[in-house]
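Derivation of every value follows stated rules applied to the coordinates shown; laboratory data play no part. These figures come from a predicted structure and were not determined experimentally. A quick note on method: Cβ atoms are made from the backbone with ideal geometry, for glycine too, and the neighbour counts reach across all protein chains shown.
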Amino acid sequence: MFLRFEYMMTRDRIREELDGVDKIIFKAFEQRLALSREMAKWKLASGNETCDPARESEMIEARVAEFYGIDPDEVKGLQRYLIEAGKRTQEDFRRRYHDWTGSVLLPQ
């Protein structure tokens, strides 16, 4: 038995819309990683650590409250992924631009 709806998008149109949304998400993710590199510069220059557990918890809870229409576990999982990707980006920056003597080598 098939459901009948007055109006229903075609499968191809739905896929097209999903592809468009995915592109927006990936562009935003690319921007977020660039900002993570900027944060790595700031943290190196100011002597701060990559991890900030209090900030991470604050971000997760803020997103759950902001996007209350989405399953909280999905929101938490995505925010945790974004945080971890940012930390990996920051650690990569530290490895690339921090010499073995501990002095900071920031790119121009």
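Below, the figures for the structure above:
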{"quantity": "Expected 222 nm ellipticity per residue - DSSP helices of 4 or more, -39500 (n - 2.57), all of the chain, to 500", "calculated": "-25000 deg cm²/dmol"}
{"quantity": "Using alpha carbons only: equivalent-ellipsoid semi-axes of region 51-98, gyration tensor based, whole Å", "calculated": "26, 10, 6"}
{"quantity": "Rough spin-label spacing in nm, given labels placed 7 Å along Cα→Cβ, for residue 5 and residue 18", "calculated": "1.3 nm"}
{"quantity": "Stokes-Einstein diffusion coefficient of the chain, Kirkwood radius over Cα pairs, 4 °C, 1.567 mPa s, in µm²/s", "calculated": "77 µm²/s"}
{"quantity": "Per-pair calculated FRET efficiency, R0 = 35 Å: residue 65 and residue 88 via Cβ, rounded to 0.05", "calculated": "0.85"}
{"quantity": "Computed E for residue 46/residue 80 - FRET, C-beta separation, R0 30 angstrom, nearest 0.05", "calculated": "0.75"}
{"quantity": "Per-residue ³J(HN,Hα) for region 51-58, Karplus 6.51 cos²θ - 1.76 cosθ + 1.60, θ = phi - 60°, Hz, x for Gly and Pro", "calculated": "7, 9, x, 5, 5, 4, 4, 4"}
{"quantity": "Rounded FRET efficiency, nearest 0.05, which uses the C-beta distance separating residue 30 from residue 54 and R0 of 25 Å", "calculated": "0.40"}
{"quantity": "Rounded to whole Hz, the Karplus (6.51, -1.76, 1.60) HN-Hα couplings of region 24-39, x for glycine and proline", "calculated": "5, 4, 5, 5, 5, 5, 4, 5, 5, 5, 4, 5, 5, 5, 5, 5"}
